[in-house]
Amino acid sequence: MKILVVEDDERISDAVVEYLSDIHYAVEAVYDGQSAWDLLDVFSYDLILLDVMLPEMDGITLCQRLRKRGCDIPILMLTAKDTLDNKIEGLDAGADDYLVKPFELDELSARIRALLRRGAGSLPPVLTWEKLRLDPSSCEVFYQDEILPLSPKEYKLLEFFLRNGRRVFSRAQILEHLWSFEQVPEEATVKAHIRGLRQKLEAAGAPHDLIETVYGLGYRLKEEPQQV
């Protein structure tokens, strides 16, 4: 899952980015509203953390412009203003939730999980595919009853596939969703992570091509053949 943090206080922004990265989110940060608007015109995100008081374009205006454009990405407002009128203003602008500074990072994480569940409709809290199971709350992955020791990027890659079922994704699309725009590596990096993930899945008993190559298009999850 990819999150955009729009916060002009670099101390807060750095702490949030580090925390969310540690719990397996792909995170990008900008420090003013106009930069966020420009990024959102090009890249896709699963959630926006949006400060209200921003240079160039304030958070309320940015939120209003995004909603007017038809953007339905969940938006969590961050602000030091905690009066009822301030909260109503943010929600009326189109925000989905409102968190007052200073806040605990664990509460921020819980709010994010709730918004992502709401945005995904009937998305189950535990993601499953055949004998594979990923628990986002504990960041643990099992194949049958064996836990898989995945790297953070392998975890994000597998979660991305599990959240999208049989959809095919090219290497470029995977890079866009799982890496920040400042850190996008070569497409060969995706191939290397896919290979490492396949090896760990196979060691746990999964078919080698559980992550299937669709030649000329990309990768997707493969359904295991039914036993007769």
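The values are calculated or read from the model by the stated rules, or taken from the named source; none is laboratory data. Owing to the predicted nature of the structure, the values given are computational and were not obtained by experimental measurement. Note that each Cβ is placed from the backbone with ideal geometry, even for glycine, and that neighbours are counted across all protein chains shown. What goes into the accessible areas is simple: the full protein's heavy atoms, side chains included, and nothing from ligands, DNA or RNA. Shrake-Rupley method; radii C 1.70, N 1.55, O 1.52, S 1.80 Å.
Tabulated data
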{"item": "Qualifying positions in segment 148-160 - in contact with a strand residue (DSSP E or B) (Cβ under 7 Å, 6 or more places away or on another chain) and within 19 Å of F43 (Cα to Cα)", "result": "K156"}
{"item": "Residue in segment 206-227 that is modelled with pLDDT under 85, outside any helix (DSSP H, G or I), open to solvent by 40 Å² or more (accessible area, probe 1.4 Å) and among the charged types (D, E, K, R) present", "result": "yes"}
{"item": "Residue pairs meeting the criteria (Cβ under 9 Å; at least 6 apart or on separate chains; first in a loop (DSSP other than H, G, I, E, B) and at pLDDT 90 or above, in segment 141-158; second open to solvent by 40 Å² or more (accessible area, probe 1.4 Å) and of a type in the set (S, T, N, Q))", "result": "none"}
{"item": "Unique residue being among the acidic types (D, E) and free of Cβ contacts under 8 Å to residues at least 24 places away in the same chain when the list is D14, D32, D51, D8", "result": "D14"}
{"item": "Output for segment 184-195, where each listed residue is assigned to a helix (DSSP H, G or I) and in contact with a helix residue (DSSP H, G or I) (Cβ under 6 Å, 6 or more places away or on another chain)", "result": "V190, H193"}
{"item": "R133 vs. criteria among the charged types (D, E, K, R) and either in a helix (DSSP H, G or I) or closer than 27 Å to F43 by Cα (or both)", "result": "no"}
{"item": "Residues located in segment 166-183, provided they are open to solvent by less than 20 Å² (accessible area, probe 1.4 Å) and in a loop (DSSP other than H, G, I, E, B)", "result": "S180"}
{"item": "Yes/no for I112 being farther than 22 Å from Q173 by Cβ, surrounded by fewer than 18 Cβ atoms within 10 Å (Cβ to Cβ), modelled with pLDDT of 85 or more and not basic (K, R)", "result": "no"}
